Structure formats: structure tokens, C-alpha cells
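Okay, so here's the structure we're looking at.
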Amino acid sequence: MNFTIEREKLLRPLQQVAGVVERRQTLPVLSNVLMVVDGDTLSLTGTDLEVELVAHVALDGQYEHAEITVPAKKLLDICKSLPDESTIQFTTDEQKLSVKAGRSRFSLATLPSNEFPNLEEATGNVTFSINQGYLKSVIDRTGFAMAQQDVRFYLNGMLFEVSTNLLRAVSTDGHRLALCNAEIQVEVESPVQAIVPRKGVLELSKLFADMDADVSVSLSANHIRVESADLRFTSKLIDGKFPDYERVLPKNSDKTVISDKNEMKQCFSRVSILSNEKYRGVRLRFENGSLTTVANNPEQEEAEETINVDYAGGELEIGFNVNYLLDVMNVIRSESVKLQLADSNSSALVTDANDDSAMYVVMPMRL
């Protein structure tokens, strides 16, 4: 291997690929990044056996085919530490990779490329294109409700459901649910579902944010693959059946509250200071034209605040985990929020007052 590249061209794709690599691995080669030079392209690959990311970087000039694996974190730290506008030269000498830039020289241990695992190729059952920024928005508006290390393993990820001209993302941890719809151009005979694991969802959100470019998304029985001009992301899917989320959506909510989102969010944030640190419960009391939020804790401390809201139903008192409400407020994009309620024992449906493409369900708490 013998090639040169500008630091700025290498740094961002190397950061993206290194983000997939787990530092503590049972297989030493999984801590490495695979570098492949082929003609005028350098390919960088990182994987943890569940998620794989390949980045392509254009080289100036043609080079002989070569491939090697090197420690991902060490190589990234070296590139970060070099001065801006450095030109880096890579050469291999026996089992070492030499990295030179100006008067700096580093020698890194390598492992053979044939030890590096590849995620199996999968033929997509359904493929569609979507704007990168649009896809990131869908993920960010739903990802917060994913479970973390739940024994119900199928909740530790996000459901992607594709039906004709519609992509739907759904996540739930059993206490709240987030759902977001996106319009796409695709035809399918029946809905196709795929549960993308939590790590895959978080990596996807970080990778694709170019508001003007499209990506190609392919779903197969075992994998999701997302490709742009210079990145290819692949993740295994969670083998399980996602809950029937349609049954969770409240159907008989006859009470509607509309409020200024920021005012409600600030009210919840202030009152939550004196909520129980473990359970984070607050009581919401709705009366004509007003919402009073109350919190107390085992130290007998109490907080209360009243704000004006658009509400004309009868008096209703209901308890919620305030963190779940604040998570929803953080992803609603307009200035108004709408809550639909039935009674003190039924879940609340929270939406953007001006956009029904996303819906959030929060279960009540007994306080």
C-alpha cells in the first residue's frame, strides 16, 4: 500500500467509520478499520458484526490495489492531531503501516484484510429513495422512544414499515410510543416491516444529513442498507415481531387541549424540579381555559404552576412521567402542541397542532 491523501478529505469519513467500531471487542480485528485502495478510490470499512459502514474517498491519481486493517481509534487520533492542510502518506512495510505527514511519522500494527468480516450481501425485498434530511427528521422525531436493553428485544430498535408511497417509523418502550410518516415513491403489494436495532438507528441519524441529496434504502429479510454517493450503511435487523402499534393509538379521546409549546415545556421543566427523582411524576389538572401542573416528592416539597390553554372540556386530572412529556415537546417543531385526552386512566395522544405526520402516545401514571 502506497498512497497520499489530504487530511481534510480523510478525516470526516474516517470519523464516520470509526463511530461504528466498538473499542472493546472479542476479536482484535473488529477494533480495526479496513482500508482498501483500488484505482483512484480509497474505501474505509468499520463493523461490529451487527452494523457495517463503508466510506469511499476519491484519491488524486491512480494506485495499485492494496488492502490492510489498522486500529481505528489510533488512526483517527493521529489524523485529528495533525495540522490542518497536512498531506498524509501511507505506506506498508511488512506488518506495519507507516503514516507520514510533514516531520511526523507513525508506525501502526496491522492485521491481514482476509481476517476482516463482511456482512453477507442481501437482495432487497423493497427499495426506495428518500431525501437524507427527510430521513434524518423521521428518525430524530421517533428515536427517543426506543427502549434500552429491554428484555423484549424487539423494542430495542425502530420499526420501519413500508407501504405504497409511505414510510412509517415507530418506536416504543412500553410506556410511550412515537410514530412518524414520510411520503416516498414506492409500490408494494403488502406492507413490509423491518426492526432496525438501536445502534443502527443512532448511527443512521448521525450519517445522513445533507438536506439536498437523496439516499437509496433497501430492506431485505435480514438487513437494511442505506447508500449515498460516498457512503454505504448496512445493519442487521432484529428478528422479532413488533407490537401492533395501531391498537395503542387512542381512539376515543373527546377532550382536546391546545397550548403554546414553549410555555408548556417551560412550565413542565420548572415544576419537575420538585418531582420524585425516581418516578418523575407530575399531576396535570385541566379546567376551562387553564392547566395546573403539580409535583411533589418524598421530602414533602411541592411545586405548582398554572398556564392558560385552549381547553373547554370538563375538569380532568391525570398523572404523567414529566420526562416523557418533555421528550415530545423537544421534537415538536411548530409553536403549538395539541393533547387529546379521554379520562384519567387513558393514554394521551400528543401531536404538533399544525402537522399530523407525527403522533406521540404517553401512558398515564397513578399518583
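The values are calculated or read from the model by the stated rules, or taken from the named source; none is laboratory data. It should be emphasised that the depicted structure is a prediction, and the values quoted were computed from it without experimental measurement. When we count neighbours, we look across all protein chains shown, and the Cβ atoms used for this are built from the backbone with ideal geometry, even at glycine. We work out accessible area using only protein heavy atoms, side chains counted, and drop any ligands, DNA or RNA first. Shrake-Rupley method; radii C 1.70, N 1.55, O 1.52, S 1.80 Å.
A residue that is under 29 Å from residue 336 (Cα atoms), in contact with a strand residue (DSSP E or B) (Cβ under 6 Å, 6 or more places away or on another chain), among the aromatic types (Phe, Trp, Tyr) and in a loop (DSSP other than H, G, I, E, B) occurs somewhere in the stretch 202-210.
Quick grid of which residues meet (1) touching a Ser or Thr at 6+ places or on another chain (Cβ under 9 Å); (2) at pLDDT 95 or above; (3) open to solvent by 10 Å² or more (accessible area, probe 1.4 Å); (4) under 23 Å from residue 352 (Cα atoms):
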{"position": "276", "(1), (2), (3), (4)": "no, yes, yes, no"}
{"position": "284", "(1), (2), (3), (4)": "yes, yes, no, yes"}
{"position": "293", "(1), (2), (3), (4)": "yes, yes, no, yes"}
{"position": "297", "(1), (2), (3), (4)": "yes, yes, yes, no"}
{"position": "302", "(1), (2), (3), (4)": "no, yes, yes, no"}
{"position": "309", "(1), (2), (3), (4)": "yes, yes, yes, yes"}
{"position": "312", "(1), (2), (3), (4)": "yes, no, yes, yes"}
{"position": "320", "(1), (2), (3), (4)": "no, yes, no, yes"}
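Return the total of residues in the stretch 273-328 being in contact with a strand residue (DSSP E or B) (Cβ under 9 Å, 6 or more places away or on another chain), in a loop (DSSP other than H, G, I, E, B) and closer than 25 Å to residue 143 by Cβ. Result for the stretch 273-328: 3.
Selection of first residues in the stretch 216-229 that are over 15 Å from residue 51 (Cβ atoms) and open to solvent by 30 Å² or more (accessible area, probe 1.4 Å) and of second residues that are in a strand (DSSP E or B) and acidic (Asp, Glu), restricted to Cβ pairs under 6 Å at least 6 apart or on distinct chains, gives the following pairs, ordered by first then second residue: 216/227. In the stretch 252-271, the qualifying residues are those that are open to solvent by 10 Å² or more (accessible area, probe 1.4 Å) and of a type outside the set (D, E, K, R), and the one that is farthest from residue 331 (Cα to Cα) is 252. Could you please find all residues in the stretch 36-54 being among the aliphatic types (A, V, I, L, M), open to solvent by less than 20 Å² (accessible area, probe 1.4 Å) and in contact (Cβ under 8 Å) with a residue 40 or more places away in the chain? Hits for the stretch 36-54 are 51, 53, 54.
For the stretch 139-166, name all the residues that are hydroxyl-bearing (Ser, Thr, Tyr) and touching a Phe, Trp or Tyr at 6+ places or on another chain (Cβ under 8 Å).
As a first pass, look at the stretch 139-166 and keep what is hydroxyl-bearing (Ser, Thr, Tyr): 142, 154, 163-164.
Passing the criteria: only 154.
State whether the residues of the stretch 32-43 include one that is assigned to a loop (DSSP other than H, G, I, E, B) and farther than 18 Å from residue 199 by Cα. Steps first, please.
Of the stretch 32-43, the ones assigned to a loop (DSSP other than H, G, I, E, B) are none.
There is no residue in the stretch 32-43 that is assigned to a loop (DSSP other than H, G, I, E, B) and farther than 18 Å from residue 199 by Cα.
Does residue 241 count as in contact (Cβ under 8 Å) with a residue 12 or more places away in the chain, open to solvent by 80 Å² or more (accessible area, probe 1.4 Å) and assigned to a loop (DSSP other than H, G, I, E, B)? Here the answer is yes, as residue 241 does meet what is asked.
Just to check your reading of the model, which residue among 360, 324 is buried (at least 17 other Cβ atoms within 10 Å of the Cβ), of a type in the set (Phe, Trp, Tyr), in contact with a helix residue (DSSP H, G or I) (Cβ under 9 Å, 6 or more places away or on another chain) and closer than 16 Å to residue 266 by Cα?
On the way: 360 fails: closer than 16 Å to residue 266 by Cα.
Of the residues listed, the single one that is buried (at least 17 other Cβ atoms within 10 Å of the Cβ), of a type in the set (Phe, Trp, Tyr), in contact with a helix residue (DSSP H, G or I) (Cβ under 9 Å, 6 or more places away or on another chain) and closer than 16 Å to residue 266 by Cα is 324.
Checking residue 111 against (1) out of contact with any Pro (no Cβ under 9 Å at 6 or more places or on another chain); (2) open to solvent by 20 Å² or more (accessible area, probe 1.4 Å), which test does it fail? For residue 111, the failing item is (1).
Residue by residue, here is whether (1) out of contact with any Pro (no Cβ under 6 Å at 6 or more places or on another chain); (2) modelled with pLDDT of 95 or more; (3) under 13 Å from residue 30 (Cα atoms); (4) open to solvent by 20 Å² or more (accessible area, probe 1.4 Å) holds:
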{"residue": "58", "(1), (2), (3), (4)": "yes, yes, no, yes"}
{"residue": "72", "(1), (2), (3), (4)": "yes, yes, yes, no"}
{"residue": "80", "(1), (2), (3), (4)": "yes, yes, no, yes"}
{"residue": "85", "(1), (2), (3), (4)": "yes, no, no, yes"}
{"residue": "115", "(1), (2), (3), (4)": "yes, no, yes, yes"}
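Being assigned to a helix (DSSP H, G or I), open to solvent by 20 Å² or more (accessible area, probe 1.4 Å) and out of contact with any strand residue (DSSP E or B) (no Cβ under 7 Å at 6 or more places or on another chain) is a description that applies to residue 12. Selection over the stretch 329-356 of residues that are hydroxyl-bearing (Ser, Thr, Tyr), open to solvent by 30 Å² or more (accessible area, probe 1.4 Å) and not in a loop (DSSP other than H, G, I, E, B) gives a count of 1.
Here no strands (runs of 3 or more DSSP E) wholly within the stretch 152-199 include at least 1 residues being modelled with pLDDT under 95, touching a strand residue (DSSP E or B) at 6+ places or on another chain (Cβ under 6 Å) and within 19 Å of residue 134 (Cα to Cα).
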